[in-house]
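The values are calculated or read from the model by the stated rules, or taken from the named source; none is laboratory data. Only a predicted model underlies this, so the values are computations on that prediction, with no experimental measurement involved. Don't worry about glycine lacking a Cβ; one is built from the backbone with ideal geometry, like all the others, and counts go over all protein chains shown.
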Amino acid sequence: MDQKDLQQFQEIVQLILTEEKDHPVAKPVSVEELSDTVNLTLQDDPISDEAFYNEFQTLVKKTPKTASSSFFNQLVGGRRSRALLGDLIASVLNNSMYTYKVAGPMVGVEREIVNKLAQMLGYSDHASGTIASGGSMSNFMAMVLGRDAKSNSIQEGVMHKMILYTSEASHYSVAKNASLMGIGRNQVRFIPTNNAGEMEMELLEAAILSDVESGNVPFFVNVTSGTTVLGAFDSIAEASKICKKHQLWLHVDGAYCGSVIFSKKYKHFLKGVELSDSFSLSAHKMLGTPLSCSVFVTQHKEQLYESFCSDASYLFQSEKDDFNPGKSSFQCGRRNDALKLWTLWKSVGTKGLEKLIDHQFELAEVARNYIRSNKDYTLFSFNDSVSICFNYKNIPAKMLSKELYLHSQLMVSHGSFGDHHFIRLVTINSDNSEKEIIDFFKTIEQFVAENTLILHT
Ligand SMILES: Cc1ncc(COP(=O)(O)O)c(C=O)c1O
């Protein structure tokens, strides 16, 4: 890296850190204003270093700050410095994670994460896995494994009406993946949830039986550990009984909250996970690594290789398959997304990861207690979740969320469950303390008090 850019890098990082504090919610730039605010045009001629650095800094300044103490919008937050260090170095090294020859010890880094997680899950010695580009990709890989374990679709394509099951509250990637893998969205059965947002297991079994009776081929059940809106946990143990009985692949989508595996206090939410066929968690969510870092693990190493390996003599020229991860991943060239989790885990230890998880649940409790003790709020979510869903003074959640953002107060999302629409606060930023959570509510209260007109027109 040239010295000028290295120096500029430090300055820009400093700028981000300062901006995060001074303007935790950057003034939004509307799509209409975009071209007048930042010069994004790619021109034929080079520009001077000075002009480049200036324009680059403006671009950075105008970009939303997801690690700020006012960002509660999505399931990422905060900044684990050691993880960031690992991620930046991965970029500087720029290895591709397909072969040992090219990635060297970095393959060992990835293996260590996968093996350690498999061990913690109680998976057998036949477990293997990969770091995937995200929760959607992990779900995709699981679905492909389940499909291939059930049929000879690898060579022949999908010959039957193959059916998969997931809850109504599960992530949208499941349905999207079904179409991508040739199963088709119509073959996804969305199982209703109970009042707490957890999949109704009796309805799951009823749906499977109905499909069998119709001559369809059930093959896969997705349970969610931390649903995207409510943060609910489906019962893995119950789903496992049904899957064993009907010989279906059981995948645990722990993208959001699967990291509770690191907490002695909360890992009981994953009871029965050792009985699942595959599992994934996204370290860029609860563990706070930079995007993206999704760990995908399966008990069926052979199936992983069967589904994802294609021989390529120009690429795989040395070492055993375990150390040529290109034989068990979707991509060929693949970024080293393992290093950031390793640098974090290595430095804080498993106990340090546990603290991050426990802290997020403590912050969630602070938020729920605040809501419960104030009659202007209505709580819609449940205990044991880091998603806190509520309304304030019955103000439509969509409007409140939008105005808070437009006025650079807070970035917080809204969602719905059943007939209820609400603000969804997530306490996923481990850098926050009780103060930031109380400030969050105080900011809403003050904003509403000062902007009654906006909110009622
Ligand atoms: C439960 C669940 N699964 C999967 C995903 C998708 O993860 P990604 O955005 O990394 O593809 C999400 C994202 O929020 C999620 O909440």
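For the structure I just gave you, tell me whether V212 is β-branched (V, I, T), under 23 Å from M181 (Cα atoms) and in a strand (DSSP E or B). No. Are any of the residues in segment 203-219 within 16 Å of the ligand (Cβ to nearest atom), surrounded by 24 or more Cβ atoms within 10 Å (Cβ to Cβ) and either farther than 22 Å from L275 by Cβ or not assigned by TED's automatic domain parsing to the domain that holds V386 (or both)? No, segment 203-219 has no match at all. So, T41, is that one part of a loop (DSSP other than H, G, I, E, B) and more than 30 Å from G226 (Cβ to Cβ) or not? So T41 fits the description; yes.
If you go through segment 22-38, how many residues are touching a residue at least 24 places away in the same chain (Cβ under 8 Å) and either touching a Lys or Arg at 6+ places or on another chain (Cβ under 7 Å) or not in a loop (DSSP other than H, G, I, E, B) (or both)?
Residues of segment 22-38 touching a residue at least 24 places away in the same chain (Cβ under 8 Å): 23-29, 37-38.
With either touching a Lys or Arg at 6+ places or on another chain (Cβ under 7 Å) or not in a loop (DSSP other than H, G, I, E, B) (or both) added as a condition, the list becomes 24, 26, 29, 37-38.
Of the residues in segment 22-38, 5 are touching a residue at least 24 places away in the same chain (Cβ under 8 Å) and either touching a Lys or Arg at 6+ places or on another chain (Cβ under 7 Å) or not in a loop (DSSP other than H, G, I, E, B) (or both).
Filtered by the rule that a residue be under 27 Å from the mean Cα position of the chain (by Cα) and free of Cβ contacts under 8 Å to residues at least 12 places away in the same chain, segment 211-228 gives no residues.
Within segment 181-195, the set of residues being surrounded by fewer than 16 Cβ atoms within 10 Å (Cβ to Cβ), over 16 Å from D253 (Cβ atoms) and not polar (S, T, N, Q) comprises G182, G184, R185, P192. The C-beta contact set for segment 349-367 (first residue more than 21 Å from S81 (Cα to Cα), second residue hydrophobic (A, V, I, L, M, F, W, C) and part of a helix (DSSP H, G or I), distance under 7 angstrom, 6+ apart or interchain) comprises V366/I437; A367/I437. Of all residues in segment 147-190, exactly one satisfies the criterion of being within 16 Å of the ligand (Cβ to nearest atom) and of a type in the set (D, E), namely E168.
Among the numbered conditions (1) closer than 28 Å to E436 by Cβ; (2) surrounded by 14 or more Cβ atoms within 10 Å (Cβ to Cβ), the only one that S307 does not meet is (1). Being touching a strand residue (DSSP E or B) at 6+ places or on another chain (Cβ under 7 Å) and not assigned by TED's automatic domain parsing to the domain that holds S430, is that true of even one residue in segment 32-54? Among the residues of segment 32-54, not one is touching a strand residue (DSSP E or B) at 6+ places or on another chain (Cβ under 7 Å) and not assigned by TED's automatic domain parsing to the domain that holds S430, which makes the answer no.
With the requirement that a residue be part of a strand (DSSP E or B) and either more than 16 Å from the ligand (Cβ to nearest atom) or out of contact with any helix residue (DSSP H, G or I) (no Cβ under 7 Å at 6 or more places or on another chain) (or both), what does segment 232-253 give you?
Looking only at segment 232-253, we keep the residues that are part of a strand (DSSP E or B), and these are 233, 249-253.
Across segment 232-253, the qualifying residue is only W249.
What about Q360, is it in the same structural domain as T427 (by TED's automatic domain parsing) and under 30 Å from T130 (Cα atoms)? Taking the combined requirement at face value, the residue satisfies it.
None of S280, S385, S328, S294 is touching a Phe, Trp or Tyr at 6+ places or on another chain (Cβ under 6 Å), within 16 Å of the ligand (Cβ to nearest atom) and hydroxyl-bearing (S, T, Y) except S280.
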